[in-house]
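> Can you read through this structure? Questions will come right after.
The values are calculated or read from the model by the stated rules, or taken from the named source; none is laboratory data. Keep in mind the model is a prediction, meaning the values are calculated, not measured. As a convention, Cβ positions derive from the backbone with ideal geometry for all residues, glycine included, and neighbour counts pool all protein chains shown. SASA here: full protein model, heavy atoms, side chains in, ligands and nucleic acids out. Shrake-Rupley method; radii C 1.70, N 1.55, O 1.52, S 1.80 Å.
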Amino acid sequence: MKKLFFIILISLFLRGIVIADEKQTYVLNNLQEDFTTCYCYYKIAGEGISRGRELDQEAINGLNRSADIALESAYLIGQQLNMKTEAMSARVNMAFQKMQDEMGSDFINFSVILDKYAYYCKDVIEKPELRIQYWEDKY
């Protein structure tokens, strides 16, 4: 249900864009990067939980749903920006690599990215309109 609401919200936002000016491009580019970052975070978090002693399938499923929403959103925004699939994939790879570097490529240090991205990504997924406003204000 949240996913459907989110997709409708993004679709309405994207339909409202008739001419992509600098501000809109700036907002969409940064929003696309936010969703890409969160996709990577949720995938890494899911992998980290699946490696734990107590397998929490409900948590893994929730992380996978959030990752799917983030990836779909990043893709839709990327299309709006006329980004090539290769460019979007490169962004994903760079975000994964950045998080791997932050953890020292060791899941024992997962708390480093948990602390940095958990609430940020929760807000990006659940309240994208606030993130849009953030980037508009920052412009």
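> Checking the a/c ratio against 1.5 first, then a/b against b/c, what shape does the Cα gyration tensor give for the stretch 79-128? Write down the numbers at each step before the final one.
Values: a/c = 4.73, a/b = 1.39, b/c = 3.42.
Cα axes put the stretch 79-128 in the oblate bin.
> So how strong a dipole does the chain carry about its Cα centre when Lys and Arg Cβ are +1 and Asp and Glu Cβ are -1, to the nearest 20 debye?
On the way: 16 positive and 20 negative charges, 48 e Å.
Roughly 240 debye for the chain.
> If you average over every viewing direction, what projected area does the convex hull of the Cα atoms of the chain give, in nm²?
Taking the Cα atoms of the chain, their convex hull projects to 8.5 nm² on average.
> Once you've got the GNM for the chain with C-alpha springs shorter than 10 Å, pick whichever of Glu72, Glu47, Glu22 has the biggest mean-square fluctuation.
Glu22
> What's the carbon and sulfur percent of the chain's accessible surface, probe 1.4 angstrom, rounded to a whole number?
Working: 4620 of 8630 Å².
Carbon and sulfur together cover 54 percent of it.
> For the chain, what does the helix formula give at 222 nm: sum of -39500 (n - 2.57) over DSSP H segments with n ≥ 4, over the residue count, nearest 500 deg cm²/dmol?
Details: 6 runs with 113 residues, N = 139.
My calculation for the chain gives -27500 deg cm²/dmol from helical runs alone.
> If contacts are Cα pairs under 8 angstrom and at least 6 residues apart, what is the relative contact order of the chain in percent?
On the way: 115 pairs, mean separation 49.5, N = 139.
Relative contact order here is 36 percent.
> Summing Lys, Arg as +1 and Asp, Glu as -1, what charge do residues with Cβ under 14 Å from the Cβ of Thr25 carry, Thr25 excluded? All intermediate terms of the calculation are to be shown ahead of the outcome.
Values: positive: Lys23, Lys138; negative: Asp21, Glu22, Glu33, Glu136.
My count for the surroundings of Thr25 gives -2.
> What accessible area per residue comes out for the chain, rounded to a whole number of Å², with a 1.4 Å probe? Before the final figure, lay out the partial values.
Details: 8630 Å² over 139 residues.
So the chain comes to 62 Å² accessible per residue, rounded to a whole number.
> Another one. Using the membrane-span-like helix rule (whole DSSP H runs, Cα extent along the own axis of at least 18 Å, mean Kyte-Doolittle hydropathy at least -1.0), which helices of the chain qualify?
Working: long enough: 2-15 (19 Å, 1.71); 22-50 (42 Å, -0.49); 57-80 (34 Å, -0.17); 85-102 (26 Å, -0.71); 110-126 (22 Å, 0.31).
Helices meeting the span and hydropathy rule in the chain are 2-15, 22-50, 57-80, 85-102, 110-126.
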